[in-house]
Amino acid sequence: MAGADRATTMRSSDLTPEAMSALAPHEVAREVARIEAAAVADLAPRFGPAFDHAVDLLAALRGRLVVSGAGKSGLVGARVAATLSATGTPASFLHPGDALHGDLGLLRPDDAVLLISKSGDTGELRQLVPLLKRVGVPILLITGDPDSALGRQADIVLDLGRPREACPYGIAPTSSATAAGVIGDALAVALLLRRGVTPRDLAFLHPGGVIGRATTMQVSEVMHRGESLPRVLDSARLRDALSEIISKRLGMTTVVDASGVLVGVITDGDFKRVLLRDPNPLDLAVTAVMSTRPRTIDGAALLAEAVRCMEENEPGPITSLVVIDADRRPLGVVHLHDCLRPRG
């Protein structure tokens, strides 16, 4: 049996460490992906009232959320804190060792703490809990054992289950770390929605890179206009449209009537489809081939909205939108690549 077939037909429970060591690296990678995907899928039914309670508490928090964990859980916690902060929930990471040696002073009674511990029995966190209770902050816990020592002392427990680790020896935290990170992401997204965070708010938090560009720049700032705008009259033939598409290099052209109003678009795909049914299509009228309901957008729209319109188009994603004025006259064309290109 070929290696790929062997990895496909054998379930993970059949794969001993010895069996996994016999697989090709790409087969090991597939098995790791499958095991971790199963761990994430197992989380869905675990989200319930405790998660709602956590979101209610954090949404009403006057201070900030302090995330803490040791070892790999600590690394996950640092990432969770960064994601929360980046989506509108003030958060920071505090290593439990640092907290036990003076940094606990950063906590205030109006803060909350999120602990991450797969076992629920992490020594550093167990030492930290009495001190947190003395400060009076709510304690949230992500753990695989809600009945553990930490689970019994936490105010809210988010159960990550006991997923099978992708590590063939079941030792290195792999699937469990992934699951804990997903719970953190779920909190971040739920809080983003609860707080009503908008794309403009995210732009303030992400002023650089592609995110900043997409959430601050308007379509009119990047659209192809003037001589760069592909356009043919509705009286033209397909050969004229093909020439315009080739010369403007946007993979499409607008079609306008004599008064300049948009009546359709023709794309590379339209040409391919017509070639399948007509071996000599160049003399066809553009009106016989064009799409009469082109997707359009206002020039004042943000690039993020343009990307969403292109990706969510029915029946399938497209790569360009026609920018029109109030009279449906084309002002420009915005291409997907223009929306995603980083600032220079």
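Only one residue in Asp110, Asp98, Asp121, Asp103 is among the acidic types (Asp, Glu), farther than 20 Å from Gly151 by Cα and touching a residue at least 12 places away in the same chain (Cβ under 8 Å). Which one? Talk me through it step by step, then tell me what you get.
On the way: Asp98 fails: touching a residue at least 12 places away in the same chain (Cβ under 8 Å); Asp121 fails: farther than 20 Å from Gly151 by Cα; Asp103 fails: touching a residue at least 12 places away in the same chain (Cβ under 8 Å).
Being among the acidic types (Asp, Glu), farther than 20 Å from Gly151 by Cα and touching a residue at least 12 places away in the same chain (Cβ under 8 Å) holds for just one of Asp110, Asp98, Asp121, Asp103, which is Asp110.
Specify which of the listed residues (Leu84, Leu107) is modelled with pLDDT under 95, out of contact with any Asp or Glu (no Cβ under 8 Å at 6 or more places or on another chain) and closer than 22 Å to Val189 by Cα.
Being modelled with pLDDT under 95, out of contact with any Asp or Glu (no Cβ under 8 Å at 6 or more places or on another chain) and closer than 22 Å to Val189 by Cα holds for just one of Leu84, Leu107, which is Leu84.
Out of (1) crowded, with 23+ Cβ neighbours inside 10 Å; (2) at pLDDT 95 or above, what's the single condition that is false for Ala166?
With (1) crowded, with 23+ Cβ neighbours inside 10 Å; (2) at pLDDT 95 or above applied to Ala166, the lone miss is (2).
When region 148-182 is examined, which residues are found to be more than 29 Å from the chain's Cα centre (by Cα) and within 17 Å of Gly48 (Cβ to Cβ)?
Within region 148-182, Gly151, Ala154, Asp155 meet the criteria.
For region 103-147, name all the residues that are within 24 Å of Leu61 (Cα to Cα) and small (Gly, Ala, Ser).
Gly105, Ala112, Ser117, Gly136
In region 92-118, how many residues are surrounded by fewer than 16 Cβ atoms within 10 Å (Cβ to Cβ), on the phi < 0 side of the Ramachandran plot and in a loop (DSSP other than H, G, I, E, B)?
Here the count works out to 5.
Could you tell me whether region 183-195 includes any residue that is closer than 19 Å to Asp52 by Cβ, modelled with pLDDT under 95 and not aliphatic (A, V, I, L, M)?
Yes, region 183-195 has at least one match.
Could you check, for region 226-234, whether at least one of its residues is among the β-branched types (Val, Ile, Thr), crowded, with 17+ Cβ neighbours inside 10 Å, modelled with pLDDT under 95 and not in a helix (DSSP H, G or I)?
no
Hey, does region 121-142 have a residue that's under 30 Å from Val28 (Cβ atoms) and part of a strand (DSSP E or B)?
Checked region 121-142: at least one residue is under 30 Å from Val28 (Cβ atoms) and part of a strand (DSSP E or B).
Quick one: is Thr83 outside any helix (DSSP H, G or I), touching a helix residue (DSSP H, G or I) at 6+ places or on another chain (Cβ under 7 Å), in contact (Cβ under 8 Å) with a residue 12 or more places away in the chain and within 26 Å of Leu132 (Cα to Cα)? So that I can check it myself, show each step before the final result.
Numbers: outside any helix (DSSP H, G or I): no; touching a helix residue (DSSP H, G or I) at 6+ places or on another chain (Cβ under 7 Å): yes; in contact (Cβ under 8 Å) with a residue 12 or more places away in the chain: yes; within 26 Å of Leu132 (Cα to Cα): yes.
In short, no.
Go through the residues of region 268-283 one by one and say whether even a single one is touching a Lys or Arg at 6+ places or on another chain (Cβ under 6 Å) and either within 19 Å of Glu244 (Cβ to Cβ) or not basic (Lys, Arg) (or both). Don't jump to the end; show me each part of the working.
Step one: filter region 268-283 for residues touching a Lys or Arg at 6+ places or on another chain (Cβ under 6 Å), giving 282-283.
Among the residues that remain, those that are also either within 19 Å of Glu244 (Cβ to Cβ) or not basic (Lys, Arg) (or both) are: 282-283.
Within region 268-283 (the criterion being touching a Lys or Arg at 6+ places or on another chain (Cβ under 6 Å) and either within 19 Å of Glu244 (Cβ to Cβ) or not basic (Lys, Arg) (or both)), the answer is yes, since at least one residue qualifies.
Given the criterion modelled with pLDDT under 95, assigned by TED's automatic domain parsing to the domain that holds Lys118 and of a type in the set (A, V, I, L, M, F, W, C), identify the matching residue among Ala54, Ala29, Ala99. If you could, list the steps in order and put the result at the bottom.
Values: Ala54 fails: modelled with pLDDT under 95; Ala29 fails: assigned by TED's automatic domain parsing to the domain that holds Lys118.
Just one listed residue meets the conditions, Ala99.
Would you check which residues across region 248-294 are among the small types (Gly, Ala, Ser) and in contact with an Asp or Glu (Cβ under 9 Å, 6 or more places away or on another chain) and list them?
Within region 248-294, Gly251, Ala258, Ser259, Gly260, Gly264, Ala285, Ser291 meet the criteria.
For every residue, the table says whether it meets (1) in contact with a helix residue (DSSP H, G or I) (Cβ under 8 Å, 6 or more places away or on another chain); (2) surrounded by 12 or more Cβ atoms within 10 Å (Cβ to Cβ); (3) not in a loop (DSSP other than H, G, I, E, B).
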| position | (1), (2), (3) |
| --- | --- |
| Ile266 | yes, yes, yes |
| Val274 | yes, yes, yes |
| Pro279 | no, no, no |
| Asp283 | yes, no, no |
| Arg293 | no, no, no |
| Pro315 | no, no, no |
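Of all residues being out of contact with any His (no Cβ under 7 Å at 6 or more places or on another chain) and outside any helix (DSSP H, G or I) in region 143-156, which is surrounded by the fewest Cβ atoms within 10 Å (Cβ to Cβ)? Just the residue, please. Steps first, answer last, please.
Going through region 143-156, the residues out of contact with any His (no Cβ under 7 Å at 6 or more places or on another chain) turn out to be 143-155.
If we keep only those that are outside any helix (DSSP H, G or I) as well, we get 143-148, 154-155.
Values: Thr143: 27, Gly144: 19, Asp145: 19, Pro146: 17, Asp147: 9, Ser148: 20, Ala154: 24, Asp155: 16.
Filtering first and then ranking leaves Asp147.
The values are calculated or read from the model by the stated rules, or taken from the named source; none is laboratory data. What you see is a predicted model, and the numbers here were worked out from it, not measured in a lab. Positions of Cβ are backbone-derived with ideal geometry, glycine not excepted, and every protein chain shown enters the neighbour counts.
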